[in-house]
Every structure is written in structure tokens, then in C-alpha cells.
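Structure, as C-alpha cells:
Only the coordinates and a few stated rules stand behind these numbers; no lab work does. Small disclaimer: the values here were computed from a predicted structure and weren't measured. Because the Cβ atoms are built from the backbone with ideal geometry, glycine has one as well, and the counts that use them run over all protein chains shown.
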Amino acid sequence: MDEKLHVKTLAAYPAGYCATRDDAAPMFSAEGVVDGNQIREVRLEEYRGQWVILFFYPSDFTPV
Amino acid sequence: MTELAAVAAFYPHIKALGAELLAISTDSAYAHLVFKQITPAITNLAAPLVSDRTHEISSAYRVLDRKAGAAFRASVFISPDQIIRAKFVYPKEIGRNISEHVRLLQAFQYAQETGQGVPANWVPSNGSQPAPAEKKR
């Protein structure tokens, strides 16, 4: 059986939401460490009107 | 960790462009707090450290490593009208180039101001290639 993934197979499926270029940014609200050492709610919506970089990283306390 | 140290060094450039950076991992906010307090290289980092404890944010942005329960090394650039304009995913073992993040913000703003495309390897004509800020002690 051929287990390789082929473009023909994938191209036939609708892609769904990919969170990529030109997509609406999903809104969120989450706890964060802000203003030095305060823990408070951070809402993406607060930053409307500014460029924002979401900088995802794997984990605290790791090298790299 | 070296990535966040590099973010700390370039953060003043990001703020100077009127932008914000939200650093996000699946650690708890309390882990973030302790991490900041005991890691000298990021103790002074002013960028918010966001906790994606539920994995919802990483999942929605399609950057969740489900096996690891952790986010990929991924950067998502969101414009002022909250549309995703760029996204890149890096290997687990290789840290990102934070200077390139600043250049991309500068390039977006240049493109917006001039209505022109931005060629490969463009840098601002005022020569303001971002350099890491002096480390505060």
C-alpha cells in the first residue's frame, strides 16, 4: 500500500481555517505577566490599531 | 530562552515602531512569573508573557504541537485591523532571527506609507538596521 501523501488527495479536501496570510486573527483573552510582574488578563482586542507579533515558543526554562 | 533574551534586546525597536509583541507558551502564568524572576536575561523584558494553559490559542492559530502539548516556534504578524499578514514556523531546535521580525514590521509600514512593494533584502534607507539595545543591569 502506498502510504505517501499525494497532492491530488489533499487538493480534493477543503482546507478549513488555516490561520495564515489574510485570515482574520482569532480573538483571545488569557492570563499573562504584564507590566513587570503583574498577572492579569491580556486580550488581543486591546491591541487593535497596533501591529502585533504573536511570538509562540515551546516552553519556559528550556534552551534555544 | 535565548529567543526571549533576544526579544528583550530588540523590544525597544518594536515599541518604537508602535508595535507590540506578545510572547505565548502553554506554561501557566505563574511559571512565566517565576521564569522571569530567576532568569537574568529576561528579568527586564517588558513584553507581556501570555499563558496558553488551555492550548486554545496555539490550536486556533494552528501552531500547537499536540504530541508535546506545546506551541511551535511560530511568529504571527497581525495588522492594526487585526488581520494575519504573515506567519512563519521555525524548527524546534533553531532560534528565530529577531532582527528580521523588526525588519518585517518596518517593511510593512514602509509598504503602507509608500504603496510600494518591498524588494528582497530591503532595509530602511535611513540605515536604521536594528541592533540589540544595550543590556540594562
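Some points to look at:
- The mean count of C-beta atoms from other chains within 10 Å of the C-beta of residues in B:22-33, rounded to a whole number, is 6.
- Gyration tensor verdict on chain B (Cα atoms; rounded if a/c is under 1.5, prolate if a/b is larger than b/c, oblate otherwise): oblate
- Of all beta bridges that DSSP places with both ends in the stretch B:2-114, some 75 percent have antiparallel geometry.
- Considering chain A at the alpha-carbon level, its Rg and Dmax are found to be 18.6, 57 Å.
- Extending 7 Å from the Cα toward the beta-carbon at both B:Thr43 and B:Ala111 defines two label points whose distance is 4.0 nm.
- Under Karplus coefficients 6.51, -1.76 and 1.60, residue-wise ³J(HN,Hα) of the stretch A:4-13 in Hz, glycine/proline x: 5, 7, 10, 4, 4, 5, 5, 4, 6, 8
- Amide H to amide H, with H built 1.01 Å from N, A:Ala19 comes under 5 Å of no residue 5 or more places away or on another chain.
- Cβ-derived FRET efficiency at R0 35 Å, B:Glu100 paired with A:Thr9, nearest 0.05: 0.55
- Mean per-residue shielding of peptide B:94-107 is 1, counting Cβ atoms of other chains within 10 Å of each Cβ.
- Averaged over peptide A:40-52, the number of partner chain Cβ atoms lying within 10 Å of each residue's Cβ comes to 5.
- Taking amide H as placed 1.01 Å from N in the peptide plane, B:Ala71 has its amide H under 5 Å from the amide H of B:Thr26, B:Asp65, each at least 5 places away in sequence or on another chain.
- Ranked A:Thr9, B:Thr26, criterion: other C-beta atoms within 10 Å, fewest first: A:Thr9, B:Thr26
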